Amino acid sequence: HLSGRRARPLEGVRVLVTAGPTHEPIDPVRYLANRSSGRQGYAVAAAAQALGADTVLVTGPTALAPPDGVETVKVETADEMLAACEAALPADIGIFAAAVADWRVKSRSEEKLKKTAKEATTAFELAENPDILRTIASRKTGRPRLVIGFAAETENVVANATAKLETKGCDWIVANDVSPETGVMGGQENTVHLVTAEGAESWPKLGKDEVARRLVDRIADTLAETGG
Ligand code: CTP
Ligand code: CA
């Protein structure tokens, strides 16, 4: 019902978006990270802003320019990303598109490790990083009313994403198939399934900007239905 749709349906709605990888330092020159261009999260932030949302983007290191009109907070580690997200609350909507490193190196070296150092050939001790999505989704107070996670999977995409709805305590999961044959990783396009308590809806292969627009349109529709 395009005629009935307002041009800026997210006016007055605060949207928090995470994007990009996190970098977990090993020493001053090396880090542990996930593969992530940040494109999908940046596209979501831009799309939310275009619908009138008051948008804050908390981003790990990427090569992308901050979207126009979006308050952008640059962070490096998962710990910093969680702190920046908490500082950005309250928000009505939380969209967690970052590829957060699951682990950090327990004790980072202040000095550059030499390649002959024993850590380089034996093992680093790792500690688990905070789960930003789960932490925000399980807040007793100040939980955004719609919490959306992303899940990159290479197999059993919908089943794995459905399980994550529960473990993360979020409302929706945007599951993307990143198996090598899709060519999605680092690319301009995405093949996603929107997984909610009602079930999964598979979207065709779309540009990341188009995925973002569909997602924020869906958010606007949901807010309108629930009296937002
Ligand atoms: N996520 C997060 N903080 C983390 C890990 C993940 O906020 N420390 C968020 C991601 O931004 C994404 C969602 O959780 O929205 C799912 O990430 P994913 O890596 O698929 O979930 P994990 O629970 O880390 O599971 P896996 O073992 O499959 O990596
Ligand atoms: Ca993970």
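Since every read-out is calculated from the coordinates, none of them should be taken as a lab result. For clarity, every value in this text was computed on a predicted model and none was experimentally measured. Here the Cβ is made from the backbone with ideal geometry for all residues, glycine too, and neighbour counts use every protein chain on show.
Annotations
- Restraint check, Lys74/Lys140; Lys74/Lys164; Lys74/Lys118; Lys164/Lys205; Lys114/Lys164, Cα-Cα greater than 31 Å: Lys74/Lys118; Lys114/Lys164
- Counting all C-alpha pairs of the chain, share separated by more than 23 Å (%): 48 percent
- Calculated FRET value between Ser179 and Ala117, using beta carbons and R₀ = 25 Å, to 0.05: 0.10
- Given charges at beta-carbon only (K, R positive; D, E negative), |dipole| of the range 101-174 in Debye: 340 debye
- Net charge dipole, the chain: roughly 240 debye, given to the nearest 20, about the Cα centre with Cβ charges of +1 for Lys and Arg and -1 for Asp and Glu.
- Average Cα contact separation per residue, the range 92-146, under 8 Å, 6 or more apart, as relative contact order %: 50 percent
- Rounded FRET efficiency, nearest 0.05, which uses the C-beta distance separating Glu189 from Thr226 and R0 of 30 Å: 0.45
- Cβ-to-Cβ counts within 10 Å put Ile173, Ile95, Ile26 in ascending order as Ile26, Ile173, Ile95, the fewest first.
- Paramagnetic reach from Arg30 in the range 78-117 [backbone N under 19 Å; point 7 Å along Cα→Cβ]: 101-117
- Per-residue ellipticity at 222 nm, computed for the chain from helices alone with -39500 (n - 2.57) per DSSP H run of at least four residues, works out to -8000 deg cm²/dmol.
- Ascending count of other beta-carbon atoms within 10 Å, so fewest first, for Glu189, Glu198, Glu11, Glu24: Glu198, Glu11, Glu189, Glu24
- Dividing the convex hull volume of the alpha carbon atoms of the range 114-228 by its residue count gives 171 Å³ per residue.
- Ordering Ala84, Ala53, Gly69 by Cα displacement along the dipole of the range 35-108 toward the positive end leaves Ala84 in first place; charges were set at the Cβ atoms of Lys, Arg (+1) and Asp, Glu (-1).
- Between helix 157-168 and the chain: long-axis angle, C-alpha atoms, 0 to 90°, nearest 10: 80 degrees
- Nearest-ten-degree value, helix 39-50 long axis tilted from longest Cα axis of the chain: 40 degrees
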